[in-house]
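Values in this text are rule-based calculations from the coordinates and carry no lab data. Only a predicted model underlies this, so the values are computations on that prediction, with no experimental measurement involved. FYI the Cβ positions are ideal-geometry reconstructions off the backbone, even for glycines, and counts take in every protein chain you see.
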Amino acid sequence: MNQNVKKQEALGRPSIPPPQRVPEGFLLIDQGDAWSWPKFIFGLLFLLGFCLSMPPMWINAITTLSVDAVLIASVFMLLGCVGIVVFIRGMRMVMRLTPGEIILPRWPLRMGESCEFRFRRQLRQGQVKQVGMIQVHLDCVESVRYRAGTETRTDSATRFEQELLTQVITTGISKIELNSNLSIPLDGPASFKSSNNGICWKLRVRIEIPGLVKDTSTFELMIDPEVAE
């Protein structure tokens, strides 16, 4: 852990990876949309394990006529199918679109601050063939972790939620771009992270294009405990 991260945690600030400085401002990339070799290898290993384990499980269930064995095989098959669908959907998304990006004029932001940001996402091949929709939301979520008997539980509650923009995605384009404004409430709250509590601000951009993509790019924002002038 580097000294900057240690200092942020000591001050109660979340250790958000700093954005990349570009000529237009500060660039944030949704890493959940990006290609990841560890995720790809894990998905292949999961798929291989699922394919190798299912035949013996069902053979055992059928030959023994055990209700428990049939139940276990059915549950395992259901979970495996869900995992395969998630893996294939993720790979298709990565192959069709570049990761979502936003550019902010300043970093971090402050309580009561308003600014304009730009979102962009590129199709890797071809163009949009059907009219789609893009929606932008700003959320603030508070999380609390506590002990209940022998269990550790985490509860979350939305402190602030606002729809910033809904816009049509036209056909014949290969790059999805938009400019919009966001405003942080004057009373915040500021971003915060401790061992048991947290305040997290996120900008969510949802893209839906029939036959092509349904995906949400998520960007965590750093809000300083300072009021903008």
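Below 10 angstrom from the Cβ of R118, what's the summed charge of the other residues (Lys, Arg +1; Asp, Glu -1)?
-3
If each residue's Cβ is checked for other Cβ atoms within 10 Å, how do E101, E229 rank with the fewest at the top?
E229, E101
Can you divide the C-alpha Rg of the chain by 2.2 N^0.38 Å and report the result to two decimal places?
1.28
Can you classify region 126-229 as rounded, prolate or oblate using the Cα gyration tensor, where a ≥ b ≥ c are the square roots of its eigenvalues, rounded means a/c under 1.5, and otherwise it's prolate if a/b beats b/c and oblate if not?
Oblate, since a/c reaches 1.5 and b/c is not below a/b.
Among A190, Q125, T98, which residue has its Cα furthest toward the positive end of the charge dipole of region 95-202, with +1 on Lys/Arg Cβ and -1 on Asp/Glu Cβ?
Q125
Can you give me the Rg/Rh ratio for region 136-189, using Cα atoms for both radii and the Kirkwood formula for Rh?
The Rg/Rh ratio comes out at 1.23.
By counting other Cβ atoms within 10 Å of each Cβ, how are D68, D215 ranked from fewest to most? Working shown, then result.
On the way: D68 9, D215 21.
Fewest-to-most Cβ neighbours within 10 Å comes out as D68, D215.
Running a GNM on the chain with Cα contacts under 10 Å, which residue among R124, R13, R147 ends up with the highest mean-square fluctuation?
Greatest mean-square fluctuation among the candidates belongs to R147.
Kindly provide the pair-distance distribution of region 177-220 built from C-alpha pairs, with 10 Å bins from 0 and whole-percent values in order of increasing distance.
Pairs per bin, as whole percents: 19, 39, 27, 14, 1.
Report the Cα centroid-to-centroid distance between region 126-159 and region 169-215 in angstrom, as an integer.
Between the Cα centre of region 126-159 and that of region 169-215, the gap is 11 Å.
Using a 7 Å offset from Cα along Cα-Cβ at N196, what residues in region 154-174 end up with backbone N under 14 Å from the label point?
154-155
When a footprinting reagent is the concern and you count Cβ atoms within 10 Å, what order do C200, C51, C115 take, fewest first?
The most exposed by this proxy come first: C51, C115, C200.
Under 10 Å, Cα contacts only: if you run a Gaussian network model on the chain, which one of E113, E151, E177 comes out with the highest mean-square fluctuation?
Comparing E113, E151, E177 in a Gaussian network model of the chain, the most mobile one is E151.
For the pair V67 and E177, how long in nm is the line joining their label points, each one 7 Å along Cα→Cβ?
According to this spin-label approximation, the distance is 6.4 nm.
Among T98, T154, T170, which one shows the biggest mean-square fluctuation in a GNM of the chain, springs joining Cα atoms closer than 10 Å?
Result for the chain, Cα springs under 10 Å: T154 fluctuates most.
If only Cα atoms are counted, what is the Rg of region 58-166, and what is its Dmax, in Å?
For region 58-166, the Cα radius of gyration and maximum Cα-Cα distance read 23.0, 68 Å.
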